[in-house]
Every structure is written in C-alpha cells, then in structure tokens.
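Novice: One structure coming up, written as structure tokens, with questions to follow.
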Amino acid sequence: MTERVRFSPAPTGLLHLGGARTALFNWLVARKSGGQFVLRIEDTDIERSEKRFEAAMFEDLAWLGLDWDEGPEAPGPHAPYRQSEREAVYAAFLDELREREAVYRCFCSEEELSAARARDEAARRPTRYRGKCACLPEAETESRAAAGEAFVWRFRIPPGREISWDDIVFGRLTFRSEDIGDFIVRRSDGVPTWEFASWCDDVSMGITTVIRGADHLSNTPKQLLLADVCGRERARYAHVPLVTGSGGEPLSKSAGATGVAQLRAQGYEPSAVVNHLALLGWSDPLGREVLTREEIVEAFDLGRVSTAPAEHDPGRLRWLDARHLRALGHAELVSAVAPYLPPLPAWLDRDALVEALRDGLETASDAAAAAAPVVAPLPLDAAAGAALASPAASPALELAEKLLARVSHDGERTYRELKTALAGEGLPAKEALPAVRAALTGRAHGLPIGVLFELLGGTEAARRLRAAVDSAEAGKS
C-alpha cells in the first residue's frame, strides 16, 4: 500500500528528539511504501508560533535527511501547508457539520465552565461539557450571535456510541461517547481547535495513516466521530510511545529537552542520530543496533513498535555516533571533524591527524580536545608529572631524541627502535614509554607513540623531548 503520511509540528519551540522521532517514523513509512511524506505546519497558536522556530525546524529536518515531498518550500496539490493559511478549508468543513446538525453554538462563559468542572470534580466523575447549550433553539442562537454575544462551535457527540479502532501499535482500542463530552471545533475568536483543524487537513490532504505520539490517543475518538458524521473514510492510526528522559518524564520543548540543533552543534553525525531515533520504540528484526539509513528503511515496520515509553540514553547515542564516525570514508571524516580542529601548525598534516584520531572519537567535536596535545604539549597533569619523575624518564627521553636524529623519519620504525634500545639499556617500558608520551604531549596516556612520532615529525618530536629533558635538569639544580 502506497502511504501518504504527515509530520505536523507546531513552530512554538525547537525540534526535540521526541518530535524528530515522530517525523522519522512518518518518513520511513513513506519511503518504504514509495509514498509521500507531507510536512504541515500547525501554527494556529498565534501567540506562541514564531517564524524562527519554523525555519530552525526546516534546517533540522534537512540535516537529518528527512526530505518532504509536499509542504512549505515544496508546494504540492494540497497547498497551502500552514494552518494559518487554510481558513477556507476549515470554514467549509464547519459548514458541512452545520448542515448535518452535528455542531451547535455554545454561549457558556468561562466562569460557568469552571463551575461545572468543579462540580464534576466534587462528584468524582470525568470532567466534560454536559451539553447545557445543546438544546437551545436555532432561532435563539442566531439572535444571540447576531447581537454580538460570544460563542464557540461544539461538536454534538452521538449518545450511546462506542468508538473503536485497530491502532497499528496499541491494537484494538475502544472509547465510550459518554466519556468524551461535546468538544469545541471553533473558538470564539474564529480559530479552529487543534482536533478539528488537524482532522480537516488529514482528510483534505488524503492522509492514509496518522502516525503520532501516544499522548494523542484521547483525541482520536473525536476525529473518528468527525469522519463518521461527515461520511469520510477513516484514516489508519499508529500512536507511537513517548520518548522520555532518564527520569521517565516525556521530552518536551518547554522542559529544555535535547534538541536536534543542539546535537548538530555538538558534532553528532546525522546518520547516528537517525539510527538512535529509529531504535526509540522500534527494534530491528535482525537484532542489529548499528544501522544505515537504507537498512532502516528496508527493515522498518510499525508493527514492531513497542507500546512502552522509549528512554533517550545519551550514552547510547554517543556509542552509536562513534561507530558511524568510524564508518565514514576519509573525505567525509575530514569534512565532519575539520570544523572542530584548532589552528594547525604548518608541519602538521591535517589528513593524517584526522585519521589518527578516528578510532578515539565519539563525536566530531571530540577532535578539539584530542588534537590539542598534538598541536602543542599540554600543561602536565598528575599522571604525566609522575611519569616524567620516574627514574627511567630522562634516559628514555635522551634515547628517543638520539633515535629521532639518526633514523630516517618513520614513526613506527622509530618506535620499534626505541623499544629495542630501552630493553638494551635495562629501562622498563612500563615506566619509560609513558614518560616519552608525557614529554611529547603533556599526557601519559593517549595516541600510540609511533603515531605521535609520525604526526610530529622528527624535528618537532626531538624538540619536545629536549625541552622535557632540559626542564627536568633545571628542576634538579
């Protein structure tokens, strides 16, 4: 089945990982079925919606590689794709509901509604609108509206109904109409409510499957009733589990959740983020954890999505990112890492440095700290100071300096020669080699010494060794 799916964010904040995961699941269904992925902007919250958030969302989706077939910046047959520009669509559907006598004007004030909610709470029953205005004569409502009295349009819930559907993720679900209450479809300011506008858009844009967060489960029976009353075919629904933080709280824009833009700035690979998002609630049938985008598209199936909340684990994301970085070709790795490298001296080969760092990076931004001791020795930390204070340190440094002067420059060969020379002089490698590395970088642990010799070159490596020897001798005097 060729699917038409949509991602319909509100531009009221930056795109967080929960929203990005929903976008990805929709995109995967579209790409696997050879269908269309529609991007729709739900900007009816005029006070909170901002163009800067919309623009940032476009950038984030593009960085993740989630290209849309229709939407802003990709006009299609169902334009416009911003709810703020679709007033005529909602007006037409409201007229249809009026013709079917499925809606009515409600003049209840906020004070009356608050008092009714308080009575429901005191009686320990579900808080819902009890239909005070449902039976007002049409002539009276017309007259009151014409006189300028504020009102909303409410959908008339059919009594005694069970609203059921087979959710692709949660299975068979049933709601009773008595538990819903007549809901508002258009507010007093003329703006449609989210439930109504979203349904109108799904119908008019031919959406076949609605894939969204499980927090929207309670909205679905309302939208199914709208479809039934208007004689429209029901869309299929898949409610995916919420993405939570380590404390179990759902990620949200307002709670400062990790955003896609934040990960981009931190140097994560988009392929790793996509891999991570895919595994938030879905599992690969072959049990793989490290997956390419193409492998995810091929394997993805909404039927394998869990109903349990999915926890965003930053540690697993870093683990995945390290593996995606290592899988990059040389040119791709250099492109990813280069923006984070410090200024390099003329003698240091950038491409060789990046390859030397490859296996130790978890994110591209780690290259800044990893490259620093190669560019210039760091101030000694405790371990490096202890290594240089060992009895084997000074003779080991002098041996290494002499080898660098007489062996043609080959880092690995020089390292092998050094180990042989250390053994010949009876200097324990476990003390001597950390001292050599500490002299070269300011750290007792890090890149292999042969790699450091190769990166630094004979002249720079010898200079650093001599500086360490001179410093040690000065300290003794």
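None of the figures in this text is laboratory data; all of them are computed from the coordinates on show. Predicted model, so just to flag it, every value in this text is computed and none were measured. In this analysis, Cβ positions are derived from the backbone assuming ideal geometry, glycine residues included, and neighbour counts consider all displayed protein chains.
Novice: I need to check one value: relative contact order of segment 91-186, counting alpha carbon pairs closer than 8 Å and at least 6 residues apart, in percent.
Specialist: Contact order relative to length: 31 percent.
Novice: While we're looking at this one, here's another question. Spelling out what I want: for every residue of segment 323-334, take phi, set θ = phi - 60°, compute 6.51 cos²θ - 1.76 cosθ + 1.60 (Karplus), and round to whole Hz; glycine and proline get x.
Specialist: 6, 6, 4, 5, 7, 6, x, 4, 4, 5, 5, 4
Novice: Separate question: Roughly what % antiparallel, to the nearest 5, for the DSSP beta bridges in the chain?
Specialist: Around 55 percent antiparallel, to the nearest 5.
Novice: Further question: Cut-off under 17 Å on the C-alpha distance; same-chain residues fewer than 8 positions from Lys430 excluded. Which aspartates and glutamates are left, in chain and number order?
Specialist: Qualifying aspartates and glutamates at Cα under 17 Å: Glu398, Glu417.
Novice: With axes computed from alpha carbons, what is the tilt in degrees of helix 429-441 against the longest principal axis of the chain, rounded to the nearest 10 within 0 to 90?
Specialist: With rounding to tens, the tilt is 70 degrees.
Novice: For segment 164-270, with only Lys/Arg (+1) and Asp/Glu (-1) charged at the beta-carbon, what is the dipole magnitude about the Cα centre, in debye rounded to 20? Show your work: numbers first, answer last.
Specialist: Values: 11 positive and 14 negative charges, 32 e Å.
That gives segment 164-270 a dipole magnitude of about 160 debye.
Novice: Which one of Tyr237, His276, Ala227 is farthest out on the positive end of the charge dipole of segment 221-284, using unit charges on Cβ (Lys, Arg +1; Asp, Glu -1) and the Cα centre as origin?
Specialist: Looking along the dipole axis, the top candidate is Ala227.
Novice: At most 16 other Cβ atoms within 10 Å and a DSSP loop assignment: could you name the GluC sites (Glu not before Pro) in segment 72-113 that fit?
Specialist: Glu73, Glu101
Novice: For the chain, find the longest principal axis of its Cα atoms and tell me its angle to the long axis of helix 110-122, 0 to 90°, nearest 10.
Specialist: Between helix and principal axis, roughly 80 degrees.
Novice: Hey, what did the chain get for relative contact order, percent, Cα under 8 Å, at least 6 apart?
Specialist: On the way: 724 pairs, mean separation 61.3, N = 477.
Taking the mean separation of contacting Cα pairs over the length of the chain, I get 13 percent.
Novice: While we're here: Please work out how much length the chain gains when fully extended from Val191 to Arg172, using 0.36 nm per residue of separation minus the C-alpha to C-alpha distance, in nm with one decimal.
Specialist: 3.5 nm
Novice: I've got another one for you. For the chain, which cysteines have no second Cys with its Cβ under 4.7 Å from theirs?
Specialist: Cys with no partner Cβ under 4.7 Å: Cys108, Cys135, Cys200, Cys230.
Novice: Select one label from [x] 32.2, 109; [y] 25.2, 85; [z] 40.5, 160: the one whose number is Rg and Dmax of the Cα atoms in Å as derived from the coordinates shown.
Specialist: Recomputing Rg and Dmax of the Cα atoms in Å here picks out [x].
Novice: Across segment 191-234, how large is the tail of the calculated P(r) beyond 15 Å, expressed as a percent of all Cα pairs?
Specialist: Values: 368 of 946 pairs.
Looking at segment 191-234, the distances longer than 15 Å represent 39 percent of pairs.
Novice: Toward the positive end of the charge dipole of the chain, about the Cα centre and with charges on Cβ (Lys, Arg +1; Asp, Glu -1), which of Ala91, Ser33, Leu353 goes farthest?
Specialist: Result: Leu353.
Novice: Calculate, axis by axis, the spread of Cα positions in segment 329-477 along the three principal axes, and write the results as whole Å, longest axis first.
Specialist: Extents along the principal axes: 46, 31, 25 Å.
Novice: About its Cα centre, what dipole magnitude does segment 107-204 give when the only charges are +1 on Lys and Arg Cβ and -1 on Asp and Glu Cβ, stated in debye to the nearest 20?
Specialist: 380
Novice: If each residue's Cβ is checked for other Cβ atoms within 10 Å, how do Thr22, Thr292 rank with the fewest at the top?
Specialist: Least crowded to most crowded, the residues run Thr292, Thr22.
Novice: Also, I was wondering about something else. Round to a whole angstrom and tell me the spacing of the C-alpha centers of segment 281-323 and segment 80-156.
Specialist: Using only Cα atoms to place each centre, the spacing works out to 44 Å.
Novice: Spin-label point model (7 Å from Cα, Cβ direction): what's the Glu431 to Glu249 distance in nm?
Specialist: 5.4
Novice: Counting each pair of different Cα atoms once, what's the Kirkwood radius of segment 254-331 in Å, rounded to one decimal?
Specialist: Result for segment 254-331, one decimal place: 13.5 Å.
Novice: Could I have the simple spin-label model distance between Leu136 and Glu332, label points 7 Å from Cα toward Cβ, reported in nm to one decimal?
Specialist: 6.3
Novice: Let me check against my output: what whole-number percent is the relative contact order of segment 254-331, with C-alpha pairs under 8 Å and at least 6 apart?
Specialist: With pairs under 8 Å counted, the relative contact order is 38 percent.
Novice: Treating the beta-carbon of each Lys and Arg as +1 and of each Asp and Glu as -1, no other charges, what is the dipole magnitude of the chain about its Cα centre, to the nearest 20 debye? Walk me through the numbers on the way to the answer.
Specialist: Working: 57 positive and 71 negative charges, 162 e Å.
For the chain, the charge dipole is close to 780 debye.
Novice: Would you mind computing, in nm to one decimal, how far apart the modelled labels at Ala116 and Glu99 are, each placed 7 Å from Cα along Cα→Cβ?
Specialist: It works out to 2.9 nm between the two label points.
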